[in-house]
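See structure below.
The values are calculated or read from the model by the stated rules, or taken from the named source; none is laboratory data. Fair warning: this is a prediction, and the values are worked out from it, not measured in the lab. Note that each Cβ is placed from the backbone with ideal geometry, even for glycine, and that neighbours are counted across all protein chains shown.
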């Protein structure tokens with residue numbers, strides 16, 4: 001009797017498991033529905049634009065937004081595209097548009113250019129990241145879709161941004177996504193037209209405000225000492241102290257002003273001076289100049305001075321086609337165990353796996369090495385220059401790996417380590433191979449807040 005019950009239970013369990021597998025594999029998961037907000041009043045459209053375009057209110061107050069008011073009918077449709085305004089600033093270009101009688105997302109694209117330099121090929125769609133804001137792509141109002149398009153600045157043949165532009169030409173495209181899952185998008189090219197711009201880069205005023213705030217870490221300190229405000233960008237100046245010659249190359253965080261504005265940032269600092277380094281980071285601009293801001297520093301990424309060196313005895317790894325487990329090097333740097341744990345050989349290549357062993361940290365602040373693909377050293381550069389994760393490979397005579405003649409490569413396995421590939425010819429010709437990774441980069445996970453007070457002139 002017990003055996004019969006067991007068989008019945010087992011059969012039922014197998015049936016239930018089979019049903020679960022069937023539903024998982026043959027019934028696709030429903031995608032999250034993206035809902036467009038609907039504006040009750042015209043002011044709601046303006047609030048959407050303020051959320052999507054930091055600094056817009058300051059630009060409007062400074063008279064930097066140019067009206068366009070160009071209406072273009074869509075062929076074969078009872079609707080029209082309206083290019084309402086343009087903000088050509090020192091960082092990018094923003095076109096504000098709406099499409100009549102179109103109660104769904106419609107993406108503006110196309111090319112802006114000088115009338116004398118029309119491109120032969122034009123980009124119809126610049127990707128969804130160019131439309132609206134990061135969390136909202138547009139808003140509906142009175143049956144139409146309202147949004148904005150961001151485009152890069154126009155540049156001359158040397159790559160420099162133009163400082164004066166009287167007139168722009170624009171060839172607009174509209175991309176209308178399909179309403180059904182398998183329905184393809186429709187792209188419509190509309191008639192080109194000119195925009196009277198009268199842009200000059202010096203029209204945008206930069207206000208420099210002293211500040212005096214310091215984040216104490218131990219032993220490092222981050223000293224914030226100036227904020228530059230302009231409608232298109234805000235720059236925060238700082239020093240990273242008590243860190244030797246380690247150099248900051250990335251800062252992630254967010255800010256909230258006393259006026260209620262909040263934005264996140266992921267900025268790559270400009271290095272203003274040689275050591276001792278001074279930096280500036282660009283963050284989203286303010287709508288309203290604040291008296292103070294609560295600055296949160298999530299992490300600081302640095303180019304360090306630590307290095308690791310490995311010696312490979314190629315005679316111990318000589319099979320034509322084989323993968324070896326290895327245990328070469330046991331360095332521990334910035335809470336990270338780093339060493340060579342695998343060597344894979346085939347007739348063309350030798351691949352070395354450098355493992356980065358890291359444990360999950362629960363309490364901030366802490367430091368750990370970054371797992372990033374290395375930069376190969378070339379004989380045309382100074383091996384001591386501050387290039388992060390600089391990879392130097394030499395043979396038994398200490399001759400550098402010949403990048404001009406031999407195949408090479410490297411890739412990163414996030415959270416695990418890096419794989420370095422070199423020519424099997426080089427491997428077989430070397431009794432020993434010396435592998436160095438210099439100027440190891442690391443991340444300082446901080447997760448702290450500081451109040452930065454702006455010291456306006458009274």
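Worth pointing out:
- Qualifying residue in segment 249-267 (condition: outside the structural domain of residue 88 (by TED's automatic domain parsing), surrounded by 15 or more Cβ atoms within 10 Å (Cβ to Cβ) and in contact with a helix residue (DSSP H, G or I) (Cβ under 6 Å, 6 or more places away or on another chain)): no
- Residues of segment 424-433 that are out of contact with any strand residue (DSSP E or B) (no Cβ under 7 Å at 6 or more places or on another chain) and either under 18 Å from residue 354 (Cβ atoms) or crowded, with 16+ Cβ neighbours inside 10 Å (or both): 426, 430.
- Counting only strands (runs of 3 or more DSSP E) wholly contained in segment 159-268, the ones carrying 2 or more residues that are under 19 Å from residue 55 (Cα atoms) occupy 193-200, 207-216, 221-229, 234-241, 247-257, 262-267.
- Sole exception among (1) surrounded by 15 or more Cβ atoms within 10 Å (Cβ to Cβ); (2) within 30 Å of residue 442 (Cβ to Cβ); (3) over 29 Å from the mean Cα position of the chain (by Cα) for residue 188, by number: (2)
- The number of residues in segment 301-335 that are outside any loop (DSSP other than H, G, I, E, B), touching a residue at least 60 places away in the same chain (Cβ under 8 Å) and within 30 Å of the chain's Cα centre (by Cα) comes to 5.
- Some residue of segment 157-173 being within 25 Å of the chain's Cα centre (by Cα) and either crowded, with 16+ Cβ neighbours inside 10 Å or not assigned by TED's automatic domain parsing to the domain that holds residue 47 (or both): no
- Of residues in segment 67-83 being in a strand (DSSP E or B) and in contact (Cβ under 8 Å) with a residue 24 or more places away in the chain, the one nearest to residue 95 (Cα to Cα): 83
- Pair list, Cβ under 9 Å, 6 or more apart: segment 369-390 residue on the phi > 0 side of the Ramachandran plot, other residue part of a strand (DSSP E or B) and modelled with pLDDT of 65 or more: 389/303; 389/375; 389/418; 389/437; 389/438; 389/441
- Of the listed requirements (1) out of contact with any helix residue (DSSP H, G or I) (no Cβ under 9 Å at 6 or more places or on another chain); (2) more than 20 Å from residue 69 (Cβ to Cβ); (3) surrounded by 19 or more Cβ atoms within 10 Å (Cβ to Cβ), residue 107 misses just one: (1).
- Summed over segment 55-102, the residues that are surrounded by 17 or more Cβ atoms within 10 Å (Cβ to Cβ) and at positive phi give a count of 1.
- The listed residues are 303, 281, 236, and the only one of them that is buried (at least 17 other Cβ atoms within 10 Å of the Cβ) and under 30 Å from residue 340 (Cα atoms) turns out to be 303.
- With respect to (1) within 25 Å of residue 305 (Cα to Cα); (2) in a loop (DSSP other than H, G, I, E, B), the lone exception for residue 362 is condition (1).
- In the condition set (1) loosely packed, with under 15 Cβ neighbours inside 10 Å; (2) assigned by TED's automatic domain parsing to the domain that holds residue 429; (3) at pLDDT below 95, residue 323 is compliant with all but (3).
- In segment 193-213, the qualifying residues are those that are touching a strand residue (DSSP E or B) at 6+ places or on another chain (Cβ under 6 Å) and without any contact (Cβ under 8 Å) to a residue 60 or more places away in the chain, and the one that is surrounded by the most Cβ atoms within 10 Å (Cβ to Cβ) is 206.
- Of the residues in segment 354-361, none is modelled with pLDDT under 95 and crowded, with 19+ Cβ neighbours inside 10 Å.
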